[in-house]
Amino acid sequence: MDISVFQKARYAYQPKLPAGLSREVTDIALKFGSPTESVADQEDLKAIFKHSYGKPLVTFEPGSNDKIGRPLKAGVILSGGQAPGGHNVIAGLYDGLKKGNPGSKLYGFLGGPSGLIENKHIELTDSIIDSYRNTGGFDIIGSGRTKIETGEQFASSWENAKKLGLNAVVIIGGDDSNTNAALLAEYFLEHRSDIQVIGCPKTIDGDLKNEHIEASFGFDTAVKTYSELIGNIQRDANSAKKYWHFIKLMGRAASHIALECALQTQPNICLISEELEAKHWSLLQVVDYICNSIVKRAENKENFGVVLIPEGVVEFIPEMKKLIQELNDILAVHETELMKIDSFPEQLDFLGPKLSAASDGLLRHLPLRIARELLMDRDPHGNVQVSLIETEKLLMDMTQKRLGELKEKGVYKGKFSALGHFFGYEGRCAFPSNFDANYGYALGFGAFILIASGQTGYISCVKNLVAPADRWIPGGIPFTMMMNLEYRHGSKKPVIRKALVNLEGAPFKTFAVGRDAWAVKTSFLYPGSIQYYGPPEVCDQPTKTLKLEHSQLVT
């Protein structure tokens, strides 16, 4: 098939491995630390994970490892949303298996976890792997959001793994997918199966991390892609000088993407969901905060600017969160009745007595199209699909209305024209940055070392990511160490805890120091496109978030 010159060049890129993975594989031994505990709910989780709880941390060190040279069969699954670097995780796993023993085989399960449940797979070969190295996307085997949850699904997964003669299954995914991997590992152990399960941390949202997993792969590429687009819009805004751009960014459960993009581009406004929740801000307070910048910039004859908005911000605004929860509860019982009412005002009258007074007032105050979205767009469980709410348009409409009120009072004398954008899918399948290409490859190769050494119940990890790649430190962290119990669908379930933006952390504090000036004075930065070829200080740099968390960024 025809390929671009750039794509051909990326196929040839050789990812850099940490020194700990660069020696002969038979000379890589495992070093075990002390037993670990979960982040919370220790006794409950011990009971759920009877066979896999409390495993020690694992690092790799020089030493003899006779197990690594045996032929192995492994299966790999891509689970959840796409993230740049996923193909390199598979390539690293494949190369490790072949380096350990050329007779080893790797099977790719098609379409996510359902591929294991339904035994839909392909054998991955040199020609297949070579045509996906250092490329974005998950199209090598596809992904899916099916969860292995029921007894029948677990049994089918076990049976199909046995049919293929697998030694291990590697699940590449986010917090929910790796929680699923932990449960599968426990299931195999409970049934005295020696099939191992290893995970790899994936999500562009950046909410799968802790002191041992410093970042999830894909985040670096996604934020650099979004930051390029934001910088382009900022340059346009500063050229045309007549539009306010409201830009919604991916990140429903956490605001890491918005925060990193703000650090890279210095927009006039960036909302951080976790901060709004901590301050108990109302929707009107958020609008007033935006308007304050618009009014001050208008006084300087700058009727333009940029606002960054995390995708899930409405769920962090307490009054909106309360409204959404009340609507979910009401529609769980009364959805059929509501859908029989054609008139939207009559629908509001139907809901009014069932809502709290505050929620009823808020729903009626929202722009009409947003209020309709809250009632019409439901997920299969009957809940509001928050990701489909056009938050950028909600804030644009409410800002325009508020500015009209301020103009009547003589407070605001500028001109306001707004444009809305949503940057989401643009970043999920970009060609991975050198950082993500190296990082994904190292995670996959590390997963092979864990498998070949007989381990299960671990997620592959790489530390010291602010250093050059040859100084990264690979190892493994037990799934259960990252877990707590949370209510899901009415009952407590074990889940890997999401990492939210730390309001006491260096990335947020650095942002907070600069934002008041950015709100008034045009201070835009233009990071440009991801660079793949050139000096390491241009091409191989990690995110500002990662540097700040390691106190290596001078501001």
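The values are calculated or read from the model by the stated rules, or taken from the named source; none is laboratory data. Note that the structure is predicted; figures quoted are calculated from it, not measured. So basically every Cβ, Gly included, is an ideal-geometry build from the backbone, and we count neighbours across all protein chains shown.
Taken together, Ala91, Ala29, Ala74 contain a single residue that is over 28 Å from Gly206 (Cβ atoms) and outside any loop (DSSP other than H, G, I, E, B), which is Ala29. Only a single item in (1) over 17 Å from Tyr425 (Cα atoms); (2) assigned to a helix (DSSP H, G or I); (3) hydrophobic (A, V, I, L, M, F, W, C) is not met by Cys261, and it is number (1). Within this structure, Leu388 passes the test of being of a type in the set (A, V, I, L, M, F, W, C), more than 22 Å from Ile28 (Cβ to Cβ) and free of Cβ contacts under 8 Å to residues at least 40 places away in the same chain. Condition check for Ile3 on (1) among the β-branched types (Val, Ile, Thr); (2) under 21 Å from Pro468 (Cα atoms); (3) free of Cβ contacts under 8 Å to residues at least 40 places away in the same chain: one failure, at (2). You will find that of Lys409, Lys509, Lys401, Lys498, the residue that is in contact with an Asp or Glu (Cβ under 6 Å, 6 or more places away or on another chain) and either under 25 Å from Tyr226 (Cα atoms) or at pLDDT 95 or above (or both) is Lys498 and no other. Tallying residues that are assigned to a helix (DSSP H, G or I), more than 19 Å from the chain's Cα centre (by Cα) and of a type outside the set (Asp, Glu) within the stretch 264-289 yields 10. Here the condition is being assigned to a loop (DSSP other than H, G, I, E, B) and either assigned by TED's automatic domain parsing to the domain that holds Tyr187 or farther than 24 Å from Phe217 by Cβ (or both); of Glu61, Glu43, Glu37, it holds for Glu37 alone. A count restricted to the stretch 302-332 and to residues that are free of Cβ contacts under 8 Å to residues at least 60 places away in the same chain and out of contact with any Leu (no Cβ under 8 Å at 6 or more places or on another chain) stands at 7. Only one entry in Thr510, Thr456 is over 30 Å from Ile48 (Cβ atoms) and of a type in the set (S, T, N, Q), namely Thr510.
Give Asp205, Asp194 a once-over and let me know the one that is of a type in the set (D, E, K, R), assigned to a loop (DSSP other than H, G, I, E, B) and surrounded by fewer than 24 Cβ atoms within 10 Å (Cβ to Cβ).
Working: Asp205 fails: surrounded by fewer than 24 Cβ atoms within 10 Å (Cβ to Cβ).
That would be Asp194, the only listed residue that is of a type in the set (D, E, K, R), assigned to a loop (DSSP other than H, G, I, E, B) and surrounded by fewer than 24 Cβ atoms within 10 Å (Cβ to Cβ).
Contact map, the stretch 120-142: first residue over 22 Å from Gly81 (Cα atoms), second residue outside any helix (DSSP H, G or I), Cβ cut-off under 6 Å, separation 6 or more or different chains; pairs are Glu123/Tyr107. Of all residues in the stretch 400-430, those being surrounded by fewer than 19 Cβ atoms within 10 Å (Cβ to Cβ) and over 30 Å from Cys291 (Cβ atoms) number 1.
Under the condition of being part of a loop (DSSP other than H, G, I, E, B) and at pLDDT 95 or above, which residue from the stretch 338-368 is surrounded by the most Cβ atoms within 10 Å (Cβ to Cβ)? So that I can check it myself, show each step before the final result.
If we filter the stretch 338-368 for residues that are part of a loop (DSSP other than H, G, I, E, B), which is where we start, we get 340-343, 355-356, 366-367.
Going one step further and asking which of them are at pLDDT 95 or above, we end up with 355-356.
Values: Leu355: 20, Ser356: 12.
Checking each candidate, the answer is Leu355.
This table checks each residue for (1) surrounded by fewer than 14 Cβ atoms within 10 Å (Cβ to Cβ); (2) more than 20 Å from Val462 (Cα to Cα); (3) at pLDDT below 95; (4) among the aromatic types (Phe, Trp, Tyr).
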| residue | (1), (2), (3), (4) |
| --- | --- |
| Gln7 | yes, yes, yes, no |
| Ile28 | no, no, no, no |
| Gln42 | no, yes, no, no |
| Ile48 | no, yes, no, no |
| Ala74 | no, yes, no, no |
| Pro84 | no, no, no, no |
| Ile90 | no, no, no, no |
| Leu116 | no, yes, no, no |
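Here Ala278 meets each of (1) buried (at least 24 other Cβ atoms within 10 Å of the Cβ); (2) aliphatic (A, V, I, L, M); (3) under 30 Å from Glu37 (Cβ atoms) with one exception, condition (1). Being part of a loop (DSSP other than H, G, I, E, B), within 24 Å of the chain's Cα centre (by Cα) and not polar (S, T, N, Q) is the filter here, so list the residues in the stretch 527-555 that pass it. Matches in the stretch 527-555: Pro527, Gly528, Ile530, Tyr532, Asp540, Pro542, His550, Leu553.
Of the residues making up the stretch 423-481, those that are under 21 Å from the mean Cα position of the chain (by Cα) and among the β-branched types (Val, Ile, Thr) are Ile459, Val462, Val466, Ile477, Thr480. Residue by residue through the stretch 232-258, note down the ones that are over 24 Å from Glu549 (Cβ atoms), in a loop (DSSP other than H, G, I, E, B) and in contact with a strand residue (DSSP E or B) (Cβ under 7 Å, 6 or more places away or on another chain). Listed by number, the list holds a single entry, Tyr243.
Does the stretch 136-159 hold any residues that are among the hydroxyl-bearing types (Ser, Thr, Tyr) and surrounded by 14 or more Cβ atoms within 10 Å (Cβ to Cβ), and which are they? Correct list: Ser143, Thr146, Ser156, Ser157. Residues in the stretch 417-472 that are among the aliphatic types (A, V, I, L, M), assigned to a strand (DSSP E or B) and closer than 14 Å to Gly20 by Cβ: 1 in all.
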